[in-house]
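Notes for the one structure printed next.
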Amino acid sequence: MFLKVKTADIPPEGLEIHGELPIEEARIRLNGLEGEPISPAAPIRVDIRLTPTGSKIVVRGSVQTILRAVCGRCLEEFDLPIREDILVVYSPLAEDLDREELEAEELNMEMFPGEEIDLWPIIQEHLVLALPLKPLCREDCRGLCPVCGRNQNLGSCRCLREDVHPGLAGLQNLKGKLPQ
């Protein structure tokens with residue numbers, strides 16, 4: 001599999017990796033994540049360059065795909081293009097290394113045990129980080145009617161609703177009781 005690289009196979013001038021993870025394999029790998037399910041609608045494209053710098057390996061490149069998402073306003077599914085740049089420094093994990101002894105600079109590195117680097121955890125992390133907190137099918141999505149639940153993007157409903165801020169709703173009761 002192209003996502004696992006033996007460090008001995010990386011030449012001094014670096015190694016470029018270009019490949020696609022098929023949709024079915026991506027679904028299986030992303031299915032085990034906690035929280036909202038992430039469903040790819042296209043293969044995951046990976047373009048990465050591994051460059052050795054002493055004992056460390058710099059990984060630079062990008063990951064891109066199209067994910068199936070649910071709009072945070074109208075609850076309709078839509079395709080969300082994702083493209084995320086990757087820049088990670090891998091360092092070999094020392095057997096006698098104590099996590100408390102790590103300096104601040106070293107905490108920003110990924111450690112790899114043995115003679116092989118598995119790139120999937122970093123790719124997965126970048127895909128998750130690229131997801132917006134509240135995905136929208138379009139910027140001007142009108143959402144659902146709070147009364148009947150109709151998707152306002154498909155047309156307006158005839159529900160009567162007063163646009164009163166929920167924090168001020170209690171003042172509506174006083175409206176008729178106050179003297180003019």
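The values are calculated or read from the model by the stated rules, or taken from the named source; none is laboratory data. All values derive from a computational prediction rather than experimental measurement. Cβ coordinates were reconstructed from backbone atoms using ideal geometry, including for glycine residues, and neighbour counts include every protein chain displayed.
A quick yes/no check of all residues on (1) under 18 Å from residue 76 (Cα atoms); (2) modelled with pLDDT of 90 or more; (3) surrounded by fewer than 11 Cβ atoms within 10 Å (Cβ to Cβ):
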| position | (1), (2), (3) |
| --- | --- |
| 112 | no, no, no |
| 138 | yes, yes, no |
| 144 | yes, yes, no |
| 151 | yes, yes, no |
| 160 | no, no, yes |
| 178 | no, no, yes |
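In segment 49-61 there is at least one residue matching the filter, namely being in the same structural domain as residue 124 (by TED's automatic domain parsing), in contact with an Asp or Glu (Cβ under 7 Å, 6 or more places away or on another chain) and either surrounded by fewer than 15 Cβ atoms within 10 Å (Cβ to Cβ) or not aromatic (Phe, Trp, Tyr) (or both). On the stretch given as segment 39-83, residues that are within 27 Å of residue 116 (Cα to Cα) and outside any strand (DSSP E or B) total 3.
Among the residues of segment 110-139, those identified as assigned by TED's automatic domain parsing to the domain that holds residue 63 and either in contact with a Lys or Arg (Cβ under 6 Å, 6 or more places away or on another chain) or of a type in the set (Asp, Glu) (or both) are 110, 115, 116, 118, 125.
Before we move on, is residue 26 at pLDDT below 95, aliphatic (A, V, I, L, M) and assigned to a helix (DSSP H, G or I)?
Against the criterion (at pLDDT below 95, aliphatic (A, V, I, L, M) and assigned to a helix (DSSP H, G or I)), residue 26 qualifies.
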